[in-house]
Amino acid sequence: MLQINNLHASINGKEILKGINLTVRDGEVHAVMGLNGAGKSTLSNVIVGHPAYEVTSGSITFDGKDILSLKPEERAREGIFLSFQQPVEIPGVSMVNFMRAALNAKRKYQGLDPLPAGDFLKLMRERRKIVELDSRLTSRSVNEGFSGGEKKRNEIFQMAMLEPKLAILDETDSGLDVDALRIVAEGFNKLRTPQTSAIVITHYQRLLDYLKPDVVHVLIDGRIVKTGGPELAAEIESRGFDWIKAEIGNSVTPL
Amino acid sequence: MKAEKQYIDFYQEVRFRLTSRSPEEMNLQREEALRTFAAKGFPSRKVERYRYANVEADFAPNYGIQLAPLSGTLPSHCFRIADAEPRIRALYNKVADTADSIVALNTMLCVDTLVVHVPKATRVEHPIQISNVLKGEQDTMVCRRILVVMDEMAEADIIITDRAASGNRFLTNQVIEVVMEEGAHLSLYEVEETHLLCTRYSNVFVRQGKNSTLHHSNLTLFNGHTRNRLDVLMQGEGSEVTANGCVIADKMQHVDNNTLIEHLVPNCQSHELYKYVLDDSAVGAFAGKVLVHEGAQKTSSKETNANLLATRTARMYTQPMLEIYADDVQCSHGSTVGQMDETALFYMRQRGIDEKEARLLLKAAFITEVIENIPLESLRDRLHVLVDKRLRGELSKCEGCKLCK
Ligand SMILES: Nc1ncnc2c1ncn2[C@@H]1O[C@H](COP(=O)(O)OP(=O)(O)OP(=O)(O)O)[C@@H](O)[C@H]1O
Ligand SMILES: [Mg+2]
C-alpha cells in the first residue's frame, strides 16, 4: 500500500527527515514511537503533502502511484487520511458543509455523483454513533470551541465519513480520557477492513493495546532506528528510549 | 472645476423642466443646493470624510442624466412625495447634510422622492422592497431620493436592492433620509449587486427618537466603485442602532464605507460591524466615527471592522474612530486586517477539498457573522445563497430580475 524509500525532508532549510524507509502492506497497522521532536509529525505531514515541507530526496508511492507530485487534496482523495495532532478550528464553516464538501470531492474524484442531502445526513448520523460524537458538536463550526478530547474524537468521526485506505493517527490518544480512548479505539477497529491500513503515532502503550499493531518502529532524529513487533512498544513503555539510543550509538557512525 | 461644470450647466439647462415636474418642497431647495455645490465643488481627498474616495474621477465621465419621475406601482406605505401628507413632505432635506456637495448635487437634480411613511403603531408585516434596476442604452447618471418617516411605535423592514440590467456605465447618487419617532423600529437593508462599470454614492441620514431601534445592513456583493455613507444621530434616550455591513470585492473593485454615529443623549447603544473580503487588486476603505457628546452618559458602543485580504495586491484602509466627551461610558473600537488562515486551508485540503473551494469556504465563513446579524430570516437565507454564488463567480447581473427574460 505505502512505500517510502530513503525519504529526506526539510522545513525552512532545516533537515528533519534523514532517510526514512517504511513499507506498509494492506491491512497492516504500524506504530511509530519516538521522543518529542524526533520527526514523527513531520513524517505524517510529508506523506499528506503539507506545502511547508520540502522533500529533498527519496520517494513515496501509494498503491504503486508516485504521490509526491500530487496535491494534498489529491492524496486525500486517493485515500490517505491524517488525524491531526492539533486539529484546526475553523469558525464559520459548519461541520455539515465541511464534511459534505470533503465527501463530495472524493466522490467526484471517483466519478460518482454528490450524495443526496438525505443520504448524507443519514451517513453523518450513522458514523457519529461509531465514535459516540455528540450531535451538538456536528451542528457547530469545525472544531470551534471543542475540548481537546472532542477534537480528537471528531478526527476519527471524519475518518469514518471518508473511509480512507490509509489512516495516519498522530497522537490521537493524547487528550482523550480513558473511556473516550476506548470508544475511539473500538470505533477505529470497527472501521478496519483487510484492505485498510494505519500508521499510529503514539507515546503510550494503551492505544496500541486496542489497535494491536503488526509492526512497531522507533523514530529518532529523523531516522527509523529500530523496528520490531508489539513487544517493542511494551519495552519502550517500561524502559524508555535510552537503551535504543545506546544501541545505535554503537552502530551508527556520524557523517 | 471641470467635472462640476457639466452638472451646473446641465442644471441651468433643465431647471425649468425640473421644477415643472417636481413638487414645491423639492424645488424650494434647488437654488441653495446649487450655491453649495458651485461653491464647494466635488470634495477632494483633503476633506476628512472623503479621504478614501475619488469623487472627481467618479463624476467626471459624461453621463446622460435621467430625469424620470418614479415609475412602477408603489408598495403599500409608499408614495410619490407629491402625494404624501404635508407634514411628511416638510421633512424633505431636513435630515440630510445639506452642506455636503454630493448631497447638494442630488438635491439640485432629483426629480421625485419616494416617501415611505409608516403611521403610528403600525407594523408592516411584509418587508417593503424597493428594487432599483439600472438600464439604458447610454451611460447614465441616476439621482435617487428616499424619505422614510416612521411615526411613533411604527415597525417596518425595508429592503433596497441595486441591480443593473444593461452593461453600460451607471452612476447613482442616492440620498436617503430617515426620521424615527419614539419607539419606532426599522430595519433598513441595502444590497448592491451591480457590475464593474457601476459607480454608486449612497448617503443615508437617520435621526432617532426616544427608544427607537434601527438595524442598518449594507451589503456590497458586486459593484464597480462604491461609496456608502451612513450618518446616525441618536437624539432620543434609550435608542439603539446596529450598523452592519459586508463587502466582497475582487478585480479592481473599490468600496468605501464611511459612517458617523452620534450619541447626543444618555442611555443609547450602538453596535457596528463591517467585514470585508478583498481579492485580486480590490481596494476597501472603512472609516467609522462614534461621537459621544457631552452629557451622553451610560453610552454603550462597540465598533469593529474586520478584513480578510486574499492576495498581496488587495488593499484595505481602516480607520475606526472614537471621540468621547462624557465620562460614564462603555465604548470600544478596533479593526483587524488578516490573511487566509493557511493551517485551516491545509486542514480542509487534507480532507479532499480542493484549494479553491477551501478558500471560498473560508471567505464565506468570514462573512457569515454579518449575515447572521440580520434579523430577517428570509433575507438571511437568501444572502447565504447569494454570498456563495458571488464567491463562485456565478452571481449573474440579472439575478432575480425579469427584465432580460
Ligand atoms: N517550521 C519549522 N521550522 C524549523 N523547525 C521546525 C519547524 N517545524 C518543526 N520543526 C522541528 O522539526 C522537528 C520535528 O518536529 P515534529 O513535530 O515532527 O516532532 P514529533 O516527533 O512529532 O514530536 P512530538 O512527539 O513532540 O509531537 C522538531 O525539532 C521541530 O522543532
Ligand atoms: Mg508530533
- Task: Among the numbered conditions (1) in contact (Cβ under 8 Å) with a residue 40 or more places away in the chain; (2) within 20 Å of residue B:386 (Cβ to Cβ); (3) hydroxyl-bearing (Ser, Thr, Tyr), tell me where residue B:201 comes up short.
- Result: (2)
- Does residue B:154 satisfy the condition of being modelled with pLDDT of 95 or more and surrounded by 19 or more Cβ atoms within 10 Å (Cβ to Cβ)? yes
- Item | Unique residue being within 16 Å of ligand 1 (Cβ to nearest atom), in contact with a Gly (Cβ under 8 Å, 6 or more places away or on another chain) and open to solvent by 10 Å² or more (accessible area, probe 1.4 Å) when the list is A:20, A:16 | A:16
- Query: Which of the residues belonging to region A:229-242 are closer than 16 Å to residue A:219 by Cβ and either open to solvent by less than 90 Å² (accessible area, probe 1.4 Å) or in contact with a strand residue (DSSP E or B) (Cβ under 8 Å, 6 or more places away or on another chain) (or both)?
  - Reply: A:232, A:233, A:235, A:236, A:240, A:241
- Name, by its number, the condition in (1) open to solvent by 10 Å² or more (accessible area, probe 1.4 Å); (2) away from ligand 1 (no atom under 16 Å from the Cβ); (3) of a type outside the set (A, V, I, L, M, F, W, C) that does not hold for residue A:148. (2)
- Query: From the residues in region A:28-58 that are open to solvent by 20 Å² or more (accessible area, probe 1.4 Å) and away from ligand 2 (no atom under 16 Å from the Cβ), which one is nearest to the other protein chains (Cβ to nearest Cβ)?
  - Reply: A:51
- Note on the structure: When restricted to A:196, A:202, the only residue hydroxyl-bearing (Ser, Thr, Tyr), within 16 Å of ligand 2 (Cβ to nearest atom) and within 24 Å of residue B:348 (Cα to Cα) is A:202
- Query: For region A:104-199, list the helices (runs of 4 or more DSSP H) that sit wholly inside it and hold at least 3 residues that are more than 22 Å from residue A:29 (Cβ to Cβ), in contact (Cβ under 8 Å) with a residue 12 or more places away in the chain and touching a helix residue (DSSP H, G or I) at 6+ places or on another chain (Cβ under 7 Å); which are they?
  - Reply: A:117-130
- Of the residues in region B:279-330, how many are within 30 Å of residue B:360 (Cβ to Cβ) and of a type in the set (Lys, Arg)? 3
- Quick one: residue A:81 ticks every box in (1) aromatic (Phe, Trp, Tyr); (2) out of contact with any Pro (no Cβ under 7 Å at 6 or more places or on another chain); (3) closer than 23 Å to residue B:359 by Cα except a single one, so which number is it? (2)
- Query: Among the candidates A:20, A:4, which residue alone is within 16 Å of ligand 2 (Cβ to nearest atom) and at pLDDT 95 or above?
  - Reply: A:20
- Note on the structure: Log entry, pairs with first residue in region B:303-328 being among the aromatic types (Phe, Trp, Tyr), second being open to solvent by less than 40 Å² (accessible area, probe 1.4 Å) and not in a strand (DSSP E or B), beta carbons closer than 6 Å, six or more apart or on different chains, reads B:317/B:52
- Task: Working carefully through the options A:82, A:133, A:103, find the one that is within 20 Å of the chain's Cα centre (by Cα), open to solvent by less than 60 Å² (accessible area, probe 1.4 Å), within 14 Å of chain B (Cβ to nearest Cβ) and over 30 Å from residue A:6 (Cα atoms).
- Result: A:103
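The values are calculated or read from the model by the stated rules, or taken from the named source; none is laboratory data. Computed from a prediction, not measured in an experiment: that's the story for all the values here. Please note: Cβ atoms are built from the backbone with ideal geometry, for glycine as well, and neighbour counts cover all protein chains shown. Ligands, DNA and RNA are stripped out before the accessible areas are found, and what is left, the full protein with its side chains, is counted by its heavy atoms. Shrake-Rupley method; radii C 1.70, N 1.55, O 1.52, S 1.80 Å.
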